[in-house]
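What follows is calculated from the coordinates using simple rules that are stated; it is not laboratory data. Everything numeric here is computed off the predicted structure, so don't read it as measured data. Note that each Cβ is placed from the backbone with ideal geometry, even for glycine, and that neighbours are counted across all protein chains shown.
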Number of protein chains: 2
Amino acid sequence: MGAKRGLDAQTIMNAAAELAEQKGLENISLLQVADKLGVKSPSLYNHLNGVQELSIGIAKLAVSRLENAIRCAAVGRSKGEALMGIATAYRKYAKENPELYKAILRFPDYKDDNVQEAGHAVVRILYQVMEPYHYSEKETIHFVRGFRAALHGFVSLEEAGFFRGTSADVNESYDQLVDRLISSLTDRRES
Amino acid sequence: MGAKRGLDAQTIMNAAAELAEQKGLENISLLQVADKLGVKSPSLYNHLNGVQELSIGIAKLAVSRLENAIRCAAVGRSKGEALMGIATAYRKYAKENPELYKAILRFPDYKDDNVQEAGHAVVRILYQVMEPYHYSEKETIHFVRGFRAALHGFVSLEEAGFFRGTSADVNESYDQLVDRLISSLTDRRES
DNA sequence: GTTATAAACTAATTAGATTAGTTTGTCAAT
DNA sequence: ATTGACAAACTAATCTAATTAGTTTATAAC
C-alpha cells in the first residue's frame, strides 16, 4: 500500500498550523494532523521527533509570519509613524491568527539556535526603527522591551477576554497605550 | 477499603497548584494529583467535573493570590507610588509563581460568573488607585487596560525567556516602562 | 441498629504518543 | 531494463491519561 514520498516537515507544519487555528492550539494531536494529511500518525515520525518538534515548528511558523507582517508595516515609515504601524500590524496579526499567536509564547524555552534566532527577528525590526532616535544601545533595548511587552500584553489580554467586561472602545485603549509609549520617546528627544 | 471523606475541592486545587509549580502547568494530570492525595483518579470526579474544572480551580487560586499581593502593595500609597508598588508586586508574584501565573491567562474563556468575578479583582484595585486622578470613567478604563497590559506583557515575555539575549538590566527595563506610563498620567493632569 | 448517601473503589473504554519491526515505492548504478 | 539500497510509509503493540459505569463502604441521621 504505502504510497511513498508524499510528506515533508514543512507540509506537516502547515497542516498543523491550519488545524491549530481551527481547533485550538491545545487540541491538536499527531493523530489529527496525520488524518488531515491522509497518513497514519507513526509516519510523521519520519519527519519529526515527536510532538514537541511539532510545537517548535508551529512556533517558528508563527514567528516568521508575524515578523513578515510587521516588517511590511514598517517599510516607508520612520520613528513614531513606523512604531504605530508596527503596533497596528502586530495586533492585526494576533487577531487574525489567535492560536498561532499563542504558539509564539511557549517556545523560547526550546534551546534550538534556529528557534532563538527566529525569536529575535521581531526585535531586530524594532531596533532598526529606533535608529533615527539615536538612543544609546542600552536605552534602545529598554524601550524596545517595554514596547514589545505592551503590544504583547495588550493583544494577549484582549484575546483571553479580559477586556470584555467594560464597554469602552478597545481600539481606543490600544491607541492610547501605544501613544503614551511613543510620546515618552519623542518627549525625551526634545528635552 | 474506601477510606471515606478525606477530600474536598479546595484540597484538590491546593495539591494541583503545588504540583503545577513543581512540574509545570502543562504536565499535571488527574493521575498525579490523585497520587499526591493518596486516592485513585476517578475519585476526584466526586469533587470536580473533569480536568477543565481543575484548570478553572487553579486559575481562580492564582488570581486570588495575585489580587491579594497587589492589594497589599497598594495600601497606604496613592497615585504614582501606588501604581509603582502594584507593578513591583505584580512582577514579584509572577516571578515567584511562574506556573500559577500562566494559569491566569487561560481562563476568562470559561463562562463561569464566579471566575469572571475573580478575573476583575485585579482591575478593581487599579480603579481604586486611579480615583485620585479624577479621570473620567472611560479614560480610567483606557489607562487601566494599558497599564495592566504592560505589566502582563513584560512579565510574561520575561518568563518566556524573550529578554535573555541582551545584557541590559531587566529590572531597569521594567522600571522605565512603568515610569513612562505613570508619567503619561501625571503629565496629563498638569496640562 | 438500620439505612441512605456521599465518597471512595475497581474495571473498562477511549484518545493520544511513541517504539519496534515490516513492507514498499523510487532512485541510481549498472 | 534489473536490481539493490534506502527512505517513507505501514501495522502492531505499549504506555499514559481522561473519563464513565457500576460496586462497595463508612458515616451521619434517625
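Charges were assigned to the Cβ only: +1 to each Lys and Arg, -1 to each Asp and Glu. The resulting dipole of the range B:1-68 about its Cα centre is roughly 240 debye. Taking every C-alpha pair closer than 8 Å and separated by at least 6 residues, the mean separation divided by the residue count of chain B gives a relative contact order of 20 percent. Residue-wise HN-Hα couplings along the range A:54-68, as the Karplus relation 6.51 cos²θ - 1.76 cosθ + 1.60 with θ = phi - 60° gives them from phi, are 5, 4, 4, x, 4, 4, 4, 4, 4, 5, 5, 5, 5, 4, 4 Hz; Gly and Pro carry x.
With a Förster radius of 51 Å applied to the beta-carbon distance between B:Ser43 and A:Gln128, the computed FRET efficiency rounds to 0.30. The alpha-carbon positions of the range B:1-48 define a convex hull whose volume is 66 Å³ per residue. By the compact-protein rule of thumb, 2.2 N^0.38 Å, the alpha-carbon radius of gyration of the protein assembly as shown corresponds to a ratio of 1.06.
For the pairs A:Lys23/A:Lys102; A:Lys60/A:Lys102; A:Lys36/A:Lys92; A:Lys102/A:Lys138, flag any whose C-alpha to C-alpha distance is greater than 20 Å. Cα-Cα > 20 Å for A:Lys36/A:Lys92; A:Lys102/A:Lys138; rest within. Pairs of C-alpha atoms in the range A:63-190 farther apart than 19 Å represent 50 percent of all such pairs. Relative to the longest principal axis of the Cα atoms of chain B, the long axis of helix B:9-23 lies at roughly 70 degrees. For chain A, the dipole from Cβ point charges (+1 on Lys and Arg, -1 on Asp and Glu) about the Cα centre works out to 320 debye, to the nearest 20. With N as its number of residues, the range B:126-179 has a Cα radius of gyration that, divided by 2.2 N^0.38 Å, comes to 1.40. Ranking B:Gln32, B:Met13, B:Asn46 by how far each Cα lies toward the positive end of the dipole of the range B:1-48 (charges on Cβ) leaves B:Asn46 at the top. Given +1 at the Cβ of Lys and Arg, -1 at the Cβ of Asp and Glu and no other charges, the dipole of the protein assembly as shown around its Cα centre is 480 debye to the nearest 20. What the phi angles of the range B:153-161 give under the Karplus curve with 6.51, -1.76 and 1.60, with θ = phi - 60°, is a coupling list of x, 5, 5, 7, 5, 4, 4, 6, x Hz, glycine and proline written as x.
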